[in-house]
Amino acid sequence: MDFVLGMPQPFSAPWSTLANNVHVLRDKRLLEKLQDCIKTRKRVDIDSTINFSYLVPVKLVSNSGKPQNLARIYIPNEKDFIETILNEPVHHDDQRIKRKQLRVKMDDFLKQWRKDRKREKSGKPRLWKSEDETLIRESSAKLMRDTWLPEVEVQNIRSLAGFVVLADFSFVEAKGVALGYVTLKALLEAMMVGLNSKKQPFFWVRNVHDFCYHKAVVEILLD
């Protein structure tokens, strides 16, 4: 977890944070309907019984920045049509001092453990019992998981919509292009924001190592 950037699991796409059961929307008629409403900026009518946690395949085109794999996709609000770039504030790392102290203790333990192993190889009795060594290892591993990978919900300035699975700079379009998935609910929210602002809907895209959000126009992938 990157505590300062507020980026949990930066080396993977935690789809479970979007939906309990991840399914991709394959209804081509509905996808075409969504794409038509995006182009014409019309309100879309969808059956209320549909599962709004479905993932919708999208193409995102950004005039600024170069999107990367595993980048996060966020839902804009109406004020964002005025902004060109948005920045995530620095998050406070509550566990920084604790991790530093734990690292020092772990280094001391490893030094003592190596000395004990040398004593054993030279024929001298070990100072550490195997039971104590196992207990210390298990407790240290638990402490490291709790401090380096805490199960806390990170609050970003925009709500998460989905993840990028493939991205790079396109020489054909001379822009950054990303392919990814967003939830149907997030897509409808972005479309509604665009409709209220009388602008083309977009999403914010933020790379896992960056504070900066970049605007990206959205298209539905039909094939």
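I'm trying to understand the selection: among the residues of segment 86-110, which are aliphatic (A, V, I, L, M) and over 19 Å from the mean Cα position of the chain (by Cα)? Even if it seems obvious, please write down each step before you answer.
Filtering segment 86-110 down to residues aliphatic (A, V, I, L, M) leaves 86, 90, 97, 102, 104, 106, 110.
I97, L102, V104, M106, L110, listed by residue number.
Quickly run through segment 198-217 and pick out the residues that are buried (at least 24 other Cβ atoms within 10 Å of the Cβ) and among the basic types (K, R).
Result: R206, single match.
Residue by residue through segment 62-97, note down the ones that are assigned to a helix (DSSP H, G or I) and either in contact with an Asp or Glu (Cβ under 9 Å, 6 or more places away or on another chain) or touching a residue at least 60 places away in the same chain (Cβ under 8 Å) (or both). Spell out the reasoning first.
Step one: of segment 62-97, the residues assigned to a helix (DSSP H, G or I) are 78-81, 96-97.
Once the filter is applied, which keeps residues that are assigned to a helix (DSSP H, G or I) and either in contact with an Asp or Glu (Cβ under 9 Å, 6 or more places away or on another chain) or touching a residue at least 60 places away in the same chain (Cβ under 8 Å) (or both), segment 62-97 yields E78, D80, F81, R96.
Being at pLDDT below 70 and either in contact with a Lys or Arg (Cβ under 8 Å, 6 or more places away or on another chain) or surrounded by 11 or more Cβ atoms within 10 Å (Cβ to Cβ) (or both) is the filter here; which residues of segment 147-160 pass it?
W148, L149, P150, V152
What are the residues in segment 88-123 that are of a type outside the set (D, E, K, R) and more than 30 Å from C212 (Cβ to Cβ), if any?
Taking segment 88-123 as the starting set, the residues that turn out to be of a type outside the set (D, E, K, R) are 89-92, 95, 97, 101-102, 104, 106, 109-110, 112-113, 122-123.
Hits for segment 88-123 are Q101, L102, V104, M106, F109, L110, Q112, W113, S122, G123.
Which one is nearest to F202 (Cα to Cα), of the residues in segment 11-35 that are at pLDDT below 90 and β-branched (V, I, T)?
T17
Just one of (1) over 16 Å from the mean Cα position of the chain (by Cα); (2) surrounded by fewer than 16 Cβ atoms within 10 Å (Cβ to Cβ); (3) in a helix (DSSP H, G or I) trips up S16, so point out which.
Failed condition: (1).
Only one residue in L179, L184 is more than 13 Å from L60 (Cα to Cα), touching a residue at least 12 places away in the same chain (Cβ under 8 Å) and either surrounded by 13 or more Cβ atoms within 10 Å (Cβ to Cβ) or touching a strand residue (DSSP E or B) at 6+ places or on another chain (Cβ under 7 Å) (or both). Which one? Spell out how you get there, then give the answer.
Numbers: L179 fails: more than 13 Å from L60 (Cα to Cα).
Going through L179, L184 in turn, the sole match is L184.
Just a yes or no: is a residue in segment 2-13 outside any loop (DSSP other than H, G, I, E, B), out of contact with any Leu (no Cβ under 9 Å at 6 or more places or on another chain) and either of a type in the set (K, R) or assigned by TED's automatic domain parsing to the domain that holds L188 (or both)?
So the first thing to find is which residues in segment 2-13 are outside any loop (DSSP other than H, G, I, E, B), and the list is 2, 7.
Now narrow it down to the ones that are out of contact with any Leu (no Cβ under 9 Å at 6 or more places or on another chain): 2, 7.
The next check asks that each one be either of a type in the set (K, R) or assigned by TED's automatic domain parsing to the domain that holds L188 (or both); those that pass are none.
There is no residue in segment 2-13 that is outside any loop (DSSP other than H, G, I, E, B), out of contact with any Leu (no Cβ under 9 Å at 6 or more places or on another chain) and either of a type in the set (K, R) or assigned by TED's automatic domain parsing to the domain that holds L188 (or both).
What about D132, is it more than 30 Å from N87 (Cβ to Cβ), modelled with pLDDT under 70 and not assigned by TED's automatic domain parsing to the domain that holds G65?
When the stated conditions are applied, D132 passes them.
The values are calculated or read from the model by the stated rules, or taken from the named source; none is laboratory data. Source: prediction; values computed, not measured. Every residue, glycine as well, gets a Cβ built from its backbone with ideal geometry; the counts of neighbours run over all protein chains shown.
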